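In what follows, a structure is listed as structure tokens, so that the remarks can point back to it.
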Amino acid sequence: MFNKDGIPFFVIMIPFLSIIFIAFFSISYYMKISDEGFEKELKEYKILYLKSNSAETFSVVKKKRIKEYEEEKQKFIEFVEVLTITILVFMALFTLLMTSIINETIKKYKKQVETKEKKLQNLNKNLALKVKQGIEEAKQKDKAILQQSKLARMGSMISMIAHQWRQPLTELSGILMELETATRFKKVNEEHILNSIEKSDNMIEFMSKTIDDFRNFYKPDKKKENFFLFDSCQKAINLIDATLEENGIKYTINVKKDREIFGYPTEFSQVILNLLTNAKDVLIENNINNPKIEVLIDKKNFNSIIEVKDNAGGIKEENFEEIFDPYFSTKSSSKGTGLGLYISKLIIERNMGGELSVYNDKDGAVFRIVLAG
């Protein structure tokens, strides 16, 4: 028999039933021993009694003794029956009490479990909601970072275009002034005009090509392709060389071992350009005498290594752990957003499966790129 909470009733009864079984077995065995002992005692008494009395007299005594024994035996059986009934009643009451206590305990335990399950379910719902909100906030943050990065790159691009155009515009202005002077003094001729037009066309073509270079440079790669590291680095240097020359910064490209790798060439060029721009800004800010930037291309085992070095004195020790964090910058807010190195690390490590790190040497900071292939 089972109760509604699933507690087997007989489980509680088993110990008591075992006690009763043992008791009845013991009593039966005791009564058997008593009967055997009585018969043995009666035989011994008969032998002793007959030595001094007749057999008829012993028969009367025997019947009397047997009657007395049966009466005592009956009294003992009645006592055992009363005791058994008392024990059974006690067992029934005790079993009901224990069942009730166990049921109450189980109900309390179930209630506690249900309460904890509800709390856990609410926690899971709140956690799912918080995770969803966190993902949404992260998406919005990424959008903001990308937007700021685009604006920063646009400003950098306009600045570099201005530097690239400054020299051809100056030369174009000189050609026009020379042509104007010759015209005023009536020394102009057809050959002079044609030469001036040709030089002007070359300058305009150079400026137009500069716009195309910048437009293609910032166009995102749609798929990976094979490219040589030197070619990609050279594209970045072509965009900033005028700026470096204007600020008196010498740059060198040291190619020990060039290698063709598989990845995004335009994104890689953007990383190199960003490292060069950062080095240029630090050199100008620290007002370094004889400023230099070196780009090293090498390979080691199965890895390609690209390093961009400067002689600006290096990065402060307390800034090493935060140098690649978004929005972290040692420049003033008007000169930097703190997104360049963060975006560069994402491109190298997430998009190209490489590693971007930084350390100081005796002259300044060294940004090291390691790519497989």
Residue that is at pLDDT below 75 and surrounded by 10 or more Cβ atoms within 10 Å (Cβ to Cβ), where the choices are 66, 102, 87: 66
Residue count, the range 297-313, condition crowded, with 16+ Cβ neighbours inside 10 Å, within 34 Å of the chain's Cα centre (by Cα) and not in a strand (DSSP E or B), comes to 0
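Within the range 356-371, how many residues turn out to be touching a strand residue (DSSP E or B) at 6+ places or on another chain (Cβ under 9 Å) and either among the acidic types (Asp, Glu) or not in a strand (DSSP E or B) (or both)? Walk me through it before giving the result.
Of the range 356-371, the ones touching a strand residue (DSSP E or B) at 6+ places or on another chain (Cβ under 9 Å) are 356-361, 363-371.
When the remaining residues are screened for being either among the acidic types (Asp, Glu) or not in a strand (DSSP E or B) (or both), the result is 361, 363-364.
Count: 3.
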Looking only at the range 175-229, count every residue that is within 30 Å of residue 372 (Cβ to Cβ), hydrophobic (A, V, I, L, M, F, W, C), at pLDDT below 75 and open to solvent by 60 Å² or more (accessible area, probe 1.4 Å) and tell me the total. 0
Those residues of the range 236-254 which are over 40 Å from the mean Cα position of the chain (by Cα), outside any strand (DSSP E or B) and within 17 Å of residue 308 (Cβ to Cβ), in sequence order: 238, 241, 243, 244, 247, 249
Among residues of the range 255-272, those that are in contact (Cβ under 8 Å) with a residue 60 or more places away in the chain and either under 13 Å from residue 308 (Cβ atoms) or in a helix (DSSP H, G or I) (or both), counted: 4
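Listed here are the residues, each with its yes/no results for (1) among the aliphatic types (A, V, I, L, M); (2) in contact with a helix residue (DSSP H, G or I) (Cβ under 6 Å, 6 or more places away or on another chain); (3) surrounded by 22 or more Cβ atoms within 10 Å (Cβ to Cβ).
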{"site": "251", "(1), (2), (3)": "no, yes, no"}
{"site": "266", "(1), (2), (3)": "no, no, no"}
{"site": "271", "(1), (2), (3)": "yes, yes, yes"}
{"site": "276", "(1), (2), (3)": "yes, yes, yes"}
{"site": "279", "(1), (2), (3)": "yes, no, yes"}
{"site": "283", "(1), (2), (3)": "yes, no, yes"}
{"site": "286", "(1), (2), (3)": "no, no, no"}
{"site": "289", "(1), (2), (3)": "no, no, no"}
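The values are calculated or read from the model by the stated rules, or taken from the named source; none is laboratory data. All values derive from a computational prediction rather than experimental measurement. Here the Cβ is made from the backbone with ideal geometry for all residues, glycine too, and neighbour counts use every protein chain on show. Accessible surface areas use protein heavy atoms only, side chains included; no ligands, DNA or RNA. Shrake-Rupley method; radii C 1.70, N 1.55, O 1.52, S 1.80 Å.
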